[in-house]
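The values are calculated or read from the model by the stated rules, or taken from the named source; none is laboratory data. This structure is a prediction, so every number in the text was calculated from the model and none was measured. Backbone-built Cβ (ideal geometry, glycine too); neighbour counts: all protein chains shown.
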Amino acid sequence: MEEVKKKQLISLAEVKEILGKVDAESLDQIQRWTYDYVSKFSNVDPKIAKKMKQDLIKECGLTEEEAVEILNIMPESLPELRSFTFGWKKLILSETLEKTLKIIKEHS
């Protein structure tokens, strides 16, 4: 078993990019299932996802984990975003939510 060298939060788009570089024949069953899943549910270019993650952290004050969660969901409206962030149990100002949606819409 390989030693974990680094832990990093990554979006579904980044998972798709990583697994897409591996020969399909060398993927184990869980990796194949994961690749199938991210292929179906990730429709953002990995480079754009990385930029969006940085923007969400820098401009909206989100944690890396929160930014990745938003990237994986890609909410399209304020009510959808609000219902999603409600589970974080912290107050997110309306202007921050609006800025978050603006970043998503600019890059998608």
If I go through the range 6-17 residue by residue, how many of them are without any contact (Cβ under 8 Å) to a residue 40 or more places away in the chain, assigned to a helix (DSSP H, G or I) and not basic (K, R)?
3
Would you check which residues across the range 70-108 are surrounded by fewer than 15 Cβ atoms within 10 Å (Cβ to Cβ) and of a type in the set (D, E, K, R) and list them?
E76, E80, R82, K89, K90, E95, E98, K102, K105, E106
Can you tell me which residue in the range 18-68 is nearest to L91 (Cα to Cα), limited to those that are small (G, A, S) and in a helix (DSSP H, G or I)?
A67
Of all residues in the range 8-59, how many are hydroxyl-bearing (S, T, Y) and either exposed (fewer than 15 other Cβ atoms within 10 Å of the Cβ) or on the phi > 0 side of the Ramachandran plot (or both)?
3
If you check E80 against the conditions, is it on the phi < 0 side of the Ramachandran plot and under 14 Å from the mean Cα position of the chain (by Cα)?
no
Pairs please, first residue from the range 18-36 and within 22 Å of K50 (Cα to Cα), second anywhere and among the aromatic types (F, W, Y) and in a loop (DSSP other than H, G, I, E, B), Cβ atoms under 9 Å, 6+ apart in sequence or on different chains.
none
Could you please let me know if E3 is over 14 Å from L101 (Cα atoms), outside any loop (DSSP other than H, G, I, E, B) and modelled with pLDDT under 95?
no
Just give me the residues in the range 79-93 being part of a helix (DSSP H, G or I) and either of a type in the set (A, V, I, L, M) or touching a residue at least 12 places away in the same chain (Cβ under 8 Å) (or both), in sequence order.
L81, R82, F84, T85, W88
